[in-house]
Structures are given as C-alpha cells and as structure tokens.
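Input: a single structure, listed below in structure tokens.
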Amino acid sequence: MPGSILVRASANGGTTTVQALIHHPMDSGFVKNAEGALIPAHYIEVVQFAHAGKIVLTAFWGPAVSKDPFTKFSFKGGAAGDDISISWVDNLGNKDSVSSKIM
Amino acid sequence: MQGKTMKRMLIVALSIGLVVPAMAASNPSPASDLKAFQDYFHKRFPTVPPADFVNGPYAMNADMRAQWQDIMQFPPYQFALDSGKTLFEAAFPNGHHYGDCFANKGLGIAQNYPKFDPKSGKIITIEIAVNQCRTKNGQPPLDLQKGDMADIVAYMTSTSDGKPIDVKIPNDPRALAAYEAGKEYFYSRRGQLNFSCASCHVQGAGDHLRAEVLAPALGLTAAFPMYRSTWGDTGTVVRRFIECNIQVRAEPGKPDSTAYRDLEYFLAYMNNGLPVAGPGARP
Amino acid sequence: MTKAVSVNELHADTPLLTRRITLSGIAAGTLAALLAPGFTRAAHAEAAIVMADPSIYPTKAFEAKNEADATKAMFNMTATASDQIQLNAPDIAENGAVVPVSVSSTLPNVTAIAILSLGNPSTIAAAYQIPAGTDPSISGRIKLAKSTDVVVLVQAGGKLYSTSKNVKVTLGGCGG
C-alpha cells in the first residue's frame, strides 16, 4: 500500500520530534459490514522508526489501535536534513515504508 | 413578499412551541434574520469568541476541545486533502480541468457556496457544481456524500481557509423562496423522534446528547467537508443531513434534493462573516 | 544473519526484550543485509530504511484477555503502581473509536511502554520498545470498546511499573 505514511519530523535543541499518520483500516475483525458479514481483521502489527540506521522506536500494534493510526514521539539527536524512515507490516503481510527529511 | 410568508413562518414556529431566534418581525429580510440569528447565539454563549462558532462542539466543551486539539496535531483529513488535490488537478480525458469550470480556477471560492443559479432557478452547492463540471466534460457524476467528491471539495475548501463566508441571496424571488424554504425546513419537526434541526442545534446547543456535545446552528456547516471519527472518513454536508434525518427516524431525501440544497443555503448564509473552517474533524 | 542482529532474536513468543535494541555498531555490510532489495540507497547508511519484521511481533501477548495474562505474556514480571508515569486520556471519550492517549514517564532507563484497555476483547492495545536515546513518551489513538480502565505498563531499569485511568465511553449520540 504505497503512499500510506505521512510523516512530520522536526529537530529542535538536540531533540527530534516525529509525528506520523498511517493510512490503514485497522479492522479489528469484530465489526460487521452493511450486509451483516464480519469484516476480516486487517491491522498493522509492527512499525519501525529509524534514524541514521538506528531504530528509534518499535511499535507493536493490535486491532485496538485506531484507524489511520497516529504516533508521536521524540528522540535525542537528529538534525534538519537527516533522513528518518518508517516502515510497517500488517497481519496480512502487506507493508509500506517511507524515508523523509527532518525539518 | 415576504410579509405573508414571514407571518406564516412565525405561526408555524410558535405552534411548534419553539422559541425561534428572533427573526425580525417587522421589515423581515434575510439580512435582518442573519443579524438576529447571530445575536441570539452571541448572547446565549457570551464567552465564545464569534469566530470560534465554526468549531462547533469544541467551542462548547473544554474536555472535547482538548481531544480535538490532540487529533488536530496531525489532522485525520490529511489523506483526503492530498487525494483531493491530486484529483482536482488531474485533467479530464478531453484535456480540460475542474479549474476551467470555476471562477479563479476553482481556488479560494468555497466561501461563496451555495449559490443561486438564475438559469435553473435552483441552489447549487459546491459539490453539485463539481458534478456539473464533470457532466460538462463528459464524465459521470460522483457520489455527493463521500469518496472522491468529499476529497475534491475538501481540497477546494482548504484553499479558502479562513476567508469570511459570503453566501449571496440575490434580489430574485426564487432565491428568496429557496432561503425561506431552507429556514422552514430547519425549524420544522420531522421523524419518529419529532425533532427539528433546531431542537438540537438551537434549543440543545452546548448540551450533551449521550457522549456528544451538540454544536450550535451558528457555524454548523462552516467546517465541512468533515472527517468524522464515526465515519472513519470524510463526508460532505449532505452526508450529515442524511445521517441526521436517519437519526431522528425521518425518511432522508435524495442527496441532490431541493430540500437539502435549500437547507444548506439557509445554514451557510447564517454563517456569513465567519471564517471558512473546512475541512474539519469531528467525533 | 549475524548475532548482532538483535531485532531478529525476538520471536513471536518472547516477551518484550529488557535490553535495549539498537543497530548501532553493526557494520554497514550487515545493515545492508537487513534491507529489502529496492530500498537500499547507495552508500548512505543514514538514508536506509529499517524494514518492519513481522516475526518479532509478540502474538501471544496480544491474545491475552486480562491484565494479569497480558502483563505476564508481554514482560514476564509483575508491575507495581508508580506515580512517575503520566497518563493523559480523556475523562469522557468523544468517540470510542478514536481515543487519544499520551504516556510519558519520569522513571529512569525506560525500555518499554504498553497500553492496555481492560474492557477490550484483547487486553493489549499497543506496546512500544524504547531504545536508548528515545524519550519515554508516546502519543497515539486507541479504540475503547466501552467505559474501562486504561492501564499503562512501563518497563524501566529492569522492573515493571503501572498506572491507570478510567475513561468513559458511551455510544455516539446524534451530536456533531
């Protein structure tokens, strides 16, 4: 699912703050559609955030994470112009990743 | 006119036992209605800065506002905006663009909709205008409530962010009639629950309805198209009208019905002067 | 894969690692081995994307249906209450499908944070591994099936701590 990750990373005073919004249904498998059939579980399981080849956050998600999941966190280091990468894989094996510049 | 219609309106309003935001009884006109409507809400909610009415429930409740500000760090309608821009800028197979159908290439004009169209005698919402553009260029119409239409209009509306809403009612009896019909719809009870729009958005404004806080009618349509958490995606004014009708157990109209066009005309006109706040995010 | 690739040592059944997980110190050569074809960018290790590896997902922990099982499955230790964890969640969720939750902690050496919703079909909503250098502070949005206690577990200095907050959720009404 290319293009699913929006990221805003900004460096300030030696700390980089990352906000990411990922376009994903995060279906729990508990919800029925209009015809009464269960919508199968389809949710992101693992997300990796990395800077300079170093993982700065690993997220493990279950179906209780909201649709179009949002994440915000900070790490020490990083400077404007550096790359930050995000990648995810879901329970059906779909994946996406993006590399973006820190502002 | 308007004396007879106004008198009838007042009788209808009074008979449904509803205190109507003082519609000017003498010398009635949309302009005097507008002043009375906005004055009513300013008096009722004196601590809310006038422009803040476009934030609906968040202007009414601090806990809700905090949750909204958290979500707005990275607005959930961002995907709709990005998709909408791409769709809006893409050429039709015949080489023309959406921008060719609108003033100023379709940018920075959302604050003027809905508009009265003298040729058809009908009210044209921005969504209907987008479909008219598609038809003119040999393309099938889009669903008026969501999907690509919501995305395109979200983008177009974003180019008017902060501009004062400026809906015009020209000196044409059909335009005036449409405005009055919209106003009457707003104040008329309907459905098994027998609520009017005003029941919740005038009488109930600021109150809780279960976990939700009811938005006042002033500013109600200013933040559309809207990403609603309940929908999990973005929808237009008409999507919400239909949902509201269903929620009071009334038969919803067709998305392009005259009743909805007129209702949106009335509500948007009542927002005149407030800043365009769409696309918006709501529970 | 060399032994330095600690990410891959995490199996589905293993609780969250207590030691820090970093790839620093791994030679560029082995780093390249981690990257899926097509994502390596010539010569710039800092532009490389670290691919999320599904095999490190703690499946069993996410299957747990109560706080005790979830805590044990994820961390294999019990938690003690701490006032050094700041949990921000609304008193009344405006919509149970999108409840903003922020967690931060003043405990030293935080290595992991887990967010639990005791009223949900699966207790664990989300868990985060916090490497050295990353602030022990996460914001996200979770679904709450009903009014419930949201419990946060913070692993710090080899021990486990917790705090909780009750969040009210009702059915969405007609508002908006």
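Summary table
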| quantity | calculated |
| --- | --- |
| Qualifying positions in the range C:113-128 - surrounded by fewer than 23 Cβ atoms within 10 Å (Cβ to Cβ) and either hydroxyl-bearing (Ser, Thr, Tyr) or touching a residue at least 60 places away in the same chain (Cβ under 8 Å) (or both) | C:Ser122 |
| Unique residue being of a type in the set (Phe, Trp, Tyr), modelled with pLDDT of 95 or more, within 19 Å of B:Met149 (Cα to Cα) and in contact with a Gly (Cβ under 6 Å, 6 or more places away or on another chain) when the list is B:Phe224, B:Phe241 | B:Phe224 |
| Whichever residue in the range A:27-36 is in contact (Cβ under 8 Å) with a residue 24 or more places away in the chain and more than 8 Å from chain C (Cβ to nearest Cβ) and, among such residues, is nearest to A:Lys76 (Cα to Cα) | A:Asp27 |
| Any hit, the range A:37-59, residues being more than 8 Å from chain C (Cβ to nearest Cβ), in contact (Cβ under 8 Å) with a residue 60 or more places away in the chain and in a loop (DSSP other than H, G, I, E, B) | no |
| Verdict on B:Phe224 being more than 16 Å from the chain's Cα centre (by Cα), on the phi < 0 side of the Ramachandran plot, surrounded by 17 or more Cβ atoms within 10 Å (Cβ to Cβ) and within 14 Å of chain C (Cβ to nearest Cβ) | no |
| Residue within the range C:68-91 that is in a strand (DSSP E or B) and under 30 Å from B:Leu214 (Cα atoms) present | yes |
| Residues located in the range C:92-112, provided they are closer than 19 Å to C:Val167 by Cα and assigned to a strand (DSSP E or B) | C:Ile92, C:Val99, C:Pro100, C:Val101, C:Ser102, C:Val103, C:Ser104 |
| Residue within the range A:2-12 that is in contact with a Ser or Thr (Cβ under 7 Å, 6 or more places away or on another chain), at the interface with another protein chain (Cβ under 10 Å from one of its Cβ atoms), surrounded by 16 or more Cβ atoms within 10 Å (Cβ to Cβ) and on the phi < 0 side of the Ramachandran plot present | yes |
| Subset tally (residues that are at the interface with another protein chain (Cβ under 7 Å from one of its Cβ atoms) and surrounded by fewer than 24 Cβ atoms within 10 Å (Cβ to Cβ)) for the range A:76-92 | 6 |
| The range B:244-275: number of residues that are closer than 21 Å to B:Asp39 by Cα and either modelled with pLDDT under 95 or in contact with a Pro (Cβ under 8 Å, 6 or more places away or on another chain) (or both) | 8 |
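The values are calculated or read from the model by the stated rules, or taken from the named source; none is laboratory data. Note that the structure is predicted; figures quoted are calculated from it, not measured. Glycine also receives a Cβ, built like all others from the backbone with ideal geometry; neighbour counts cover every protein chain displayed.
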